[in-house]
């Protein structure tokens, strides 16, 4: 077995699910002949043919809406957004069509909408989105955000097998990151939706995070151990909807301090809901203010100095963590 | 087209049933028994009923809010419709949604939403599935002139054409999108002219002439079923009432309304059937009696049905785990499939399933009357 990248793990998940279940198919812009803008589906057209690897026009409503129609028919479509920013053009199909379908009609909609999200690639305001909060707020959609190659594969398989619309946010900065290469199990596995994982154990503080920020948080935790003698726990949420409340509460009950880190903007972000949950459920356990590190409330900028100023990183996490630790 | 006497009487029956169901719904609204908006389609009956009558047993409809005629022809239970209007706990949506936002995918009906036009990409997904599963079935997608101006309309027609999907896109052009007349909606004579832009056949017909609709739908279906891709058909009709029952529609010129009321599709068809000696005072009285009985039964059933249980308000957000059947394939209705029954209630879907309990149920789904 060789080590694979996060991107190869995604590709493996789709390929294996398409081999396993003839109901699974992929549609999106440039996914066929070109193999996808990031080459996630390279070689798929040759293996599965044009009826299961469908190159679509630049029509996000048609892509996602077709996925809804096929899912109603019992197929398991995977709708690719070339960049997740473009999901806004298909918003209605997710918000009004897919998410309410089972709730109002009893008919399941087993579909995945996935695409490259996140910044750090000089993508500017239209190729760097972290759109999770729009969907996190919407009942009836599951939202998952893998941070490792193992999770990228296991969560995508779980999403494809799920009987509900699942938004799968893959972080494009992680696609080919060498340090994320890992050997994956030869046998079939899934990472269950709704389960967080402790990436680093600690007693002094919990960092709640997900996606690319898991890695920034782990770097910060390492520095805090070396320079501040702090044992910081890093909990990778992996699933935002449903949230693993149990894991969140269990960790913060032990550490009594919580830092929430996300790449999305601050106001109304995932951190706001996490803070509310912690405040309601663990008020008497908290030894410091629930603290958030997030992007400022501004659109995602293009120029490198602006992007660096915008994105949360190890330094910003360290500053916030030290302030919190001082309580 | 070869419609026999019985077929024509069945078309007439469904047109009358559609009108009578809507008339009663309006009465219930005026009595305060329908709590939300009521959207009816007086004047559309020739289009909705005529088009749906041409479908085969395993074909699908993707209807919108004014397509009661399609629903009834395809077997949606009048009881289910009334339970839906009256927000009963046993309505197909369990009281969670109103209007005609109902469906049963196993019986070829996809539920619509209020964002008109958004059903058309969904129709593409159903058509894609038919194509992938190598079926000879087709989809009839109904929508209005308003929906024809949405982005999803364009995306769906274009995608369907590129993929050669088996879909008849049926525009019910009723003159107005709420208060906005055609001349503020688009700057072309016929919406069917847009077919050129997608490289598909387009045709405009008199939507108040049920026989013209039937013939045009037959042509469109023949094209679509042959695997050549979708077709666009515009049926020109008129919304002789308001957008909803809350709308007096005083923006419609009186002369225009009077003109269209004279072209009432049911009266026109009645005249034709009478002239042909098909409709007689006797069988007309019989049909009226049957229509009244079905409507009375539906209203009574709905009124006797329970209200939804408030304790369920946050339930059934996610479908449970388990196998999903590919709809329309052998064994797909086996109850171990998560999509075979309504897993919210553990019962069969109610949109269609009450149909056999109707006083005068149609003989399941109508025969393929146009293909003889």
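The values are calculated or read from the model by the stated rules, or taken from the named source; none is laboratory data. In this text the structure is predicted, and so the values were computed from the model without any measurement. Note that we place each Cβ from the backbone using ideal geometry, even for glycine, and neighbour counts take in every protein chain shown.
Restricting attention to the range B:197-235, report how many residues are closer than 17 Å to residue B:136 by Cβ, in a loop (DSSP other than H, G, I, E, B) and under 20 Å from the mean Cα position of the chain (by Cα).
1
May I ask you to list pairs of residues, at least six apart or on different chains, whose Cβ atoms are under 6 Å apart, with the first in the range B:111-127 being within 8 Å of another protein chain (Cβ to nearest Cβ) and the second being surrounded by fewer than 24 Cβ atoms within 10 Å (Cβ to Cβ) and part of a loop (DSSP other than H, G, I, E, B)?
Pairs found: B:111/B:101.
Please go through the range B:323-348 and pick out each residue that is at positive phi and touching a helix residue (DSSP H, G or I) at 6+ places or on another chain (Cβ under 9 Å).
Let us first name the residues in the range B:323-348 that are at positive phi, namely B:328, B:331, B:346.
Answer for the range B:323-348, where residues must be at positive phi and touching a helix residue (DSSP H, G or I) at 6+ places or on another chain (Cβ under 9 Å): just B:328.
Please find, within the range B:329-343, the residue that is farthest from the other protein chains (Cβ to nearest Cβ) out of those that are crowded, with 20+ Cβ neighbours inside 10 Å and in contact (Cβ under 8 Å) with a residue 24 or more places away in the chain.
Top of the filtered list is B:340.
Is it the case that residue B:89 is over 20 Å from residue B:48 (Cβ atoms) and more than 8 Å from chain A (Cβ to nearest Cβ)? Walk me through it before giving the result.
Numbers: over 20 Å from residue B:48 (Cβ atoms): yes; more than 8 Å from chain A (Cβ to nearest Cβ): yes.
Taking the combined requirement at face value, the residue satisfies it.
Enumerate the helices (runs of 4 or more DSSP H) found wholly within the range A:1-102, keeping only those where 2 or more residues are away from every other protein chain (no Cβ under 13 Å). Can you show your working first?
On the way: elements: A:6-20, A:44-48, A:60-72.
Counting at least 2 such residues, we get A:6-20, A:44-48.
For (1) assigned to a helix (DSSP H, G or I); (2) closer than 18 Å to residue B:241 by Cα; (3) over 16 Å from the mean Cα position of the chain (by Cα), each residue gets a yes or a no:
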{"site": "B:16", "(1), (2), (3)": "yes, yes, no"}
{"site": "B:22", "(1), (2), (3)": "yes, yes, no"}
{"site": "B:28", "(1), (2), (3)": "yes, yes, yes"}
{"site": "B:32", "(1), (2), (3)": "no, no, yes"}
{"site": "B:43", "(1), (2), (3)": "no, yes, no"}
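Please work out which residue is surrounded by the fewest Cβ atoms within 10 Å (Cβ to Cβ), limiting yourself to the range B:344-355 and to residues that are under 29 Å from residue A:193 (Cα atoms) and more than 7 Å from chain A (Cβ to nearest Cβ).
Filtering the range B:344-355 down to residues under 29 Å from residue A:193 (Cα atoms) leaves B:344-349.
When the remaining residues are screened for being more than 7 Å from chain A (Cβ to nearest Cβ), the result is B:345-348.
Numbers: B:345: 15, B:346: 8, B:347: 12, B:348: 17.
Filtering the range B:344-355 for residues that are under 29 Å from residue A:193 (Cα atoms) and more than 7 Å from chain A (Cβ to nearest Cβ), the one surrounded by the fewest Cβ atoms within 10 Å (Cβ to Cβ) comes out as B:346.
Among the residues of the range B:131-140, how many are without any contact (Cβ under 8 Å) to a residue 40 or more places away in the chain and either within 8 Å of chain A (Cβ to nearest Cβ) or under 13 Å from residue B:105 (Cα atoms) (or both)? Break it down into steps so the answer makes sense when it comes.
Going residue by residue through the range B:131-140, those that are without any contact (Cβ under 8 Å) to a residue 40 or more places away in the chain are B:131-132, B:134.
If we keep only those that are either within 8 Å of chain A (Cβ to nearest Cβ) or under 13 Å from residue B:105 (Cα atoms) (or both) too, we end up with B:131-132.
Result for the range B:131-140: 2.
Inspect all residues belonging to the range A:40-51 and state whether any of them is crowded, with 18+ Cβ neighbours inside 10 Å and under 23 Å from residue A:142 (Cβ atoms). Before the answer, list the steps.
Filtering the range A:40-51 for residues crowded, with 18+ Cβ neighbours inside 10 Å gives A:40-41, A:44-45, A:48.
In the following step, the residues that additionally are under 23 Å from residue A:142 (Cβ atoms) were identified as A:40-41.
Checked against the condition, which is being crowded, with 18+ Cβ neighbours inside 10 Å and under 23 Å from residue A:142 (Cβ atoms), the range A:40-51 yields at least one hit.
Count, please, the residues in the range B:161-170 that happen to be more than 13 Å from residue A:69 (Cβ to Cβ) and either within 9 Å of another protein chain (Cβ to nearest Cβ) or part of a strand (DSSP E or B) (or both).
Residues of the range B:161-170 that are more than 13 Å from residue A:69 (Cβ to Cβ), as a first pass: B:161-162, B:164, B:168-170.
Imposing the further condition that a residue be either within 9 Å of another protein chain (Cβ to nearest Cβ) or part of a strand (DSSP E or B) (or both) reduces the set to B:162, B:168-170.
Final tally of qualifying residues: 4.
Checking the structure you have, find out if any residue of the range B:307-325 is touching a strand residue (DSSP E or B) at 6+ places or on another chain (Cβ under 7 Å) and either in a loop (DSSP other than H, G, I, E, B) or within 14 Å of another protein chain (Cβ to nearest Cβ) (or both).
From the range B:307-325, those touching a strand residue (DSSP E or B) at 6+ places or on another chain (Cβ under 7 Å) are none; that's our starting set.
Checked the range B:307-325: no residue is touching a strand residue (DSSP E or B) at 6+ places or on another chain (Cβ under 7 Å) and either in a loop (DSSP other than H, G, I, E, B) or within 14 Å of another protein chain (Cβ to nearest Cβ) (or both).
Please work out if residue A:113 is closer than 15 Å to residue A:212 by Cα and within 14 Å of chain B (Cβ to nearest Cβ).
Numbers: closer than 15 Å to residue A:212 by Cα: no; within 14 Å of chain B (Cβ to nearest Cβ): yes.
Against the criterion (closer than 15 Å to residue A:212 by Cα and within 14 Å of chain B (Cβ to nearest Cβ)), residue A:113 does not qualify.
Suppose we filter A:37, A:133, A:70, A:88 for residues that are surrounded by 22 or more Cβ atoms within 10 Å (Cβ to Cβ) and either in contact with a strand residue (DSSP E or B) (Cβ under 9 Å, 6 or more places away or on another chain) or in the same structural domain as residue A:158 (by TED's automatic domain parsing) (or both); which single one remains? Lay out the reasoning, then the answer.
Values: A:37 fails: surrounded by 22 or more Cβ atoms within 10 Å (Cβ to Cβ); A:133 fails: surrounded by 22 or more Cβ atoms within 10 Å (Cβ to Cβ); A:88 fails: surrounded by 22 or more Cβ atoms within 10 Å (Cβ to Cβ).
Going through A:37, A:133, A:70, A:88 in turn, the sole match is A:70.
Quick one: which residue in B:224, B:240 is closer than 21 Å to residue B:39 by Cα and crowded, with 17+ Cβ neighbours inside 10 Å? Give the steps one after another, and end with the answer.
Working: B:224 fails: closer than 21 Å to residue B:39 by Cα.
Of B:224, B:240, the one residue that is closer than 21 Å to residue B:39 by Cα and crowded, with 17+ Cβ neighbours inside 10 Å is B:240.
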